[in-house]
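One structure below.
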Amino acid sequence: MGRGVTELAYLADMDAAYVRTFRARVLARPPGAVVLDRTFFYAAGGGQPADRGTLLAASGRSIEVVDVTKSGASVLHRVRGSTEALADLSTGTGVEGLLDFERRHRHMRLHTGQHFLSARIFTRTGLRTQKAKLGGREGTLDIEGALPVDLPTELARDAADVVAHPRAVRIRHVPRSEWELHPSARSGLVPLPPFVDPVRVIEIDGIDTCPCGGTHVRSTAEIGRIEIRPPVPLAGGGTRFAFTLSEETTIPHG
Ligand SMILES: [Zn+2]
C-alpha cells in the first residue's frame, strides 16, 4: 500500500456517526483518489454503502467525493472535480470534509432497523441473518431458514412499537477475549476477522447486541416508520425480505 493509515474517526462512539464536517490532512494522492489522515466518510462494507460528499481545499475550491473504499489501512476517497481543484489537494495540505448527511442518516436508520429486525427474527424463530444490504430507502435481509407466515405482521408491529417506545442504541468496545466468552447468539453466523480486538458491539437497549463497524442512530425513535415487504424464498431454504423507510425523520444536530 504505502499510502498511510487513515483513522476511521466515525467508529469512536455514537456521536461520531453524526459528524458532518471535519478537518483532515492529505496523506497521499493515488490516481483519482485522496487518502486522508482521518475521515468521517464511511467506506463501503458490511452491506452499508459508502458515503458521498465534498472535500474543500484551503483555496475554497471543492471536489466531489463519488465513492469511498478501503485499501489495506487506507481509505480511498474517489474524487471528481476540476483540474485546479484536484491540484489544490496535494499531499500534506489541509482539507475540510463535508458529508452528504441526508444520505448517511438514511443509512444509519436502515442499519439500526436491520439490527432490530434481525434481533426480533432471532428471538421469535431462532433464525439468524446471513447477510444484509442497505441502500436508498431499503434494507434487505437474507435469513437462514423459512419464516413463519405470520412473522412479517409481527415484525411490523414490533417495529412500530420500538419507534413509539424508543430504546437507546449504544456502542461498547469489548476486549475480544471477553466477547468470545459471551458472544451474542444471533451473531455467530459471520465469524469476526482475526485482527479485530477490541470488538465494537452495537447494543439496542434490552433487545440486541451485535458486533458491527457500521454507523447507527442513537435511538430507535430515529428509525421512523418502516414497511415490511413480503418475504421471498431463496434457493437453499433461506428467505429474503426487505423493509423500506416510509417517512422522512428530522435529522438531529451533531
Ligand atoms: Zn450495524
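Coordinate-derived values only; no laboratory data. Fair warning: this is a prediction, and the values are worked out from it, not measured in the lab. Counting neighbours? That spans all protein chains shown, and the Cβs are built from the backbone with ideal geometry, glycine included.
When region 116-254 is described by a simple charge dipole with +1 on each Lys and Arg Cβ and -1 on each Asp and Glu Cβ, the residue from HIS182, ALA235, GLY224 located farthest towards its positive end is ALA235.
Sketch the reach of a paramagnetic label on SER184 as a point 7 Å from Cα along Cα-to-Cβ, and name the residues of region 119-146 whose backbone nitrogen lies under 19 Å away. Answer for region 119-146: 119-134, 139-145. Note on SER71 and LEU192: the model spin-label points, each 7 Å out from Cα along the C-beta direction, lie 3.0 nm apart.
Net charge near GLY47: determine it from the other residues with C-beta under 9 Å of the C-beta of GLY47, scoring Lys and Arg +1 and Asp and Glu -1. Every neighbour counted, the sum reads +2.
Dipole size of region 122-188 about its Cα centre, with +1 on Lys/Arg Cβ and -1 on Asp/Glu Cβ: approximately 280 debye, rounded to the nearest 20.
With +1 on each Lys and Arg Cβ and -1 on each Asp and Glu Cβ, and nothing else charged, work out how big the dipole of the chain is about its Cα centre, in Debye to the nearest 20. Present the calculation step by step, with values, prior to reporting the outcome.
Values: 32 positive and 29 negative charges, 78 e Å.
Dipole magnitude for the chain comes out near 380 debye.
Here is the list for region 122-197: chymotrypsin sites (Phe, Trp or Tyr not before Pro) lying in DSSP coil, each with at most 14 other C-beta atoms within 10 angstrom of its C-beta, are PHE195. With a Förster radius of 51 Å applied to the C-beta separation of ARG25 and VAL149, the computed FRET efficiency comes to 0.35.
Once you have a ≥ b ≥ c as the square roots of the Cα gyration tensor eigenvalues for region 117-249, tell me rounded if a/c is under 1.5, and otherwise prolate or oblate according to whether a/b is larger than b/c. Note, shape of region 117-249 comes out oblate. The magnitude of the dipole of region 1-102, with charges of +1 and -1 set on the Cβ of Lys/Arg and Asp/Glu and taken from the Cα centre, is near 320 debye.
The calculated 222 nm mean residue ellipticity attributable to helices in the chain amounts to -6500 deg cm²/dmol, summing -39500 (n - 2.57) over DSSP H runs of n ≥ 4 and dividing by all residues. Here region 56-70 and region 207-224 have alpha carbon centers that stand 28 Å from each other. To the nearest ten degrees, helix 101-125 and the longest principal axis of the Cα atoms of the chain are 30 degrees apart.
By its C-alpha gyration tensor, with a ≥ b ≥ c as the square roots of the eigenvalues, how is region 1-70 shaped: rounded for a/c under 1.5, else prolate for a/b larger than b/c, else oblate? Because its axes are fairly even, with a/c under 1.5, region 1-70 counts as rounded. Counting only alpha carbon atoms, the long axis of helix 151-164 and the longest principal axis of the chain meet at about 60°.
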